[in-house]
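Colleague: Following this message is one structure expressed as structure tokens.
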Amino acid sequence: MKYTEKQIYLKIVQLIGNKGPNFTTAELAQHLKVSKRTIYELFSNKATMLDQTIDFIFMNVAASDVAILAQKKIPNNEILNQYINNFPHTYDVDKFLQHGDEIARRYPKQWARIELKLDEIGANLYAILVNNPEVRKLSTTEQQLVLLIIQQTSRQLLQVNYLKEHKLEFKSALQSLYKIILQGILK
């Protein structure tokens with residue numbers, strides 16, 4: 001059976017959710033009903049597989065972010081809704097977060113890639129907020145702090161132990177952060 005790129009990445013995300021980075025090439029091949037050789041033709045190693053899966057997860061988000069940013073004037077009640085609804089829900093970052101400590105330990109470059117992608121999402125939200133006419137004029141210091149708050153809180157929320165200890169879910173915590181920031185800077 002021939003699988004689309006999307007189906008392959010969704011299966012990898014599912015395996016990560018179930019087993020973290022401990023799934024094998026043989027398991028992936030079995031789930032896709034292909035040979036291990038086919039998997040090795042697609043991905044030379046596990047790190048490459050994770051890199052490409054991370055890129056896949058965030059690819060649609062980035063495209064939608066560009067569309068949101070291209071709009072000249074977004075009503076204040078739509079800024080947050082569009083941006084939050086854009087956050088990966090089908091391609092769940094949460095599946096990586098369930099095994100974040102292990103991924104960070106075994107695949108630090110890939111974990112850094114996830115952090116970078118979240119920083120990019122935060123920077124795009126920051127651009128939406130700062131460039132929106134319905135947001136009050138922020139001083140340079142306020143602008144720097146808003147970006148810092150978004151990015152550092154997003155990184156803190158990547159820490160699985162923090163989420164478990166505080167009984168938080170990544171997406172709902174991130175949505176709450178965005179709402180708090182938005183409500184604090186609207187005119």
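Colleague: Could you tell me which residue of segment 87-109 is modelled with the highest pLDDT, considering only residues that are under 21 Å from LEU125 (Cα atoms) and aromatic (Phe, Trp, Tyr)?
Modeller: So, considering only residues that are under 21 Å from LEU125 (Cα atoms) and aromatic (Phe, Trp, Tyr), the one modelled with the highest pLDDT is PHE87.
Colleague: Spot the failing condition for ALA112; the list is (1) modelled with pLDDT under 85; (2) farther than 23 Å from ALA67 by Cα, and only one is missed.
Modeller: Status for ALA112: all satisfied but (1).
Colleague: Out of curiosity, is LYS6 at pLDDT below 95, in a helix (DSSP H, G or I), under 23 Å from the mean Cα position of the chain (by Cα) and within 20 Å of TYR107 (Cα to Cα)?
Modeller: Working: at pLDDT below 95: yes; in a helix (DSSP H, G or I): yes; under 23 Å from the mean Cα position of the chain (by Cα): yes; within 20 Å of TYR107 (Cα to Cα): no.
Judged against the criteria, LYS6 is not a match.
Colleague: Now, a different point. ASN18 fails exactly one of the following numbered conditions: (1) under 27 Å from TYR162 (Cα atoms); (2) at pLDDT 85 or above; (3) crowded, with 17+ Cβ neighbours inside 10 Å. What is the number of that condition?
Modeller: Only one criterion is unmet by ASN18, namely (3).
Colleague: Being modelled with pLDDT under 70, under 16 Å from LEU182 (Cβ atoms) and touching a helix residue (DSSP H, G or I) at 6+ places or on another chain (Cβ under 7 Å) is true for just one of LEU80, LEU129. Which residue is that? Before the answer, list the steps.
Modeller: Details: LEU129 fails: modelled with pLDDT under 70.
Exactly one residue qualifies, and that residue is LEU80.
Colleague: Identify all residues within segment 34-47 that are over 17 Å from GLN14 (Cα atoms), in a helix (DSSP H, G or I) and of a type outside the set (A, V, I, L, M, F, W, C); write none if there are none.
Modeller: LYS36, ARG37, THR38, TYR40, GLU41
Colleague: In segment 158-172, which residues are assigned to a helix (DSSP H, G or I) and either among the charged types (D, E, K, R) or touching a residue at least 60 places away in the same chain (Cβ under 8 Å) (or both)? Reasoning before the result, please.
Modeller: Residues of segment 158-172 assigned to a helix (DSSP H, G or I): 160-165, 170-172.
Matches in segment 158-172: VAL160, ASN161, LEU163, LYS164, GLU165, PHE170, LYS171.
Colleague: What number of residues within segment 109-144 satisfy the criterion of being surrounded by fewer than 19 Cβ atoms within 10 Å (Cβ to Cβ), in a helix (DSSP H, G or I) and touching a residue at least 60 places away in the same chain (Cβ under 8 Å)?
Modeller: Of the residues in segment 109-144, 3 are surrounded by fewer than 19 Cβ atoms within 10 Å (Cβ to Cβ), in a helix (DSSP H, G or I) and touching a residue at least 60 places away in the same chain (Cβ under 8 Å).
The values are calculated or read from the model by the stated rules, or taken from the named source; none is laboratory data. The shown structure was predicted, so the numbers you read here are calculated from the model rather than taken from an experiment. Ideal geometry is used to build each Cβ from the backbone, glycine not excepted, and the neighbour counts take in all protein chains shown.
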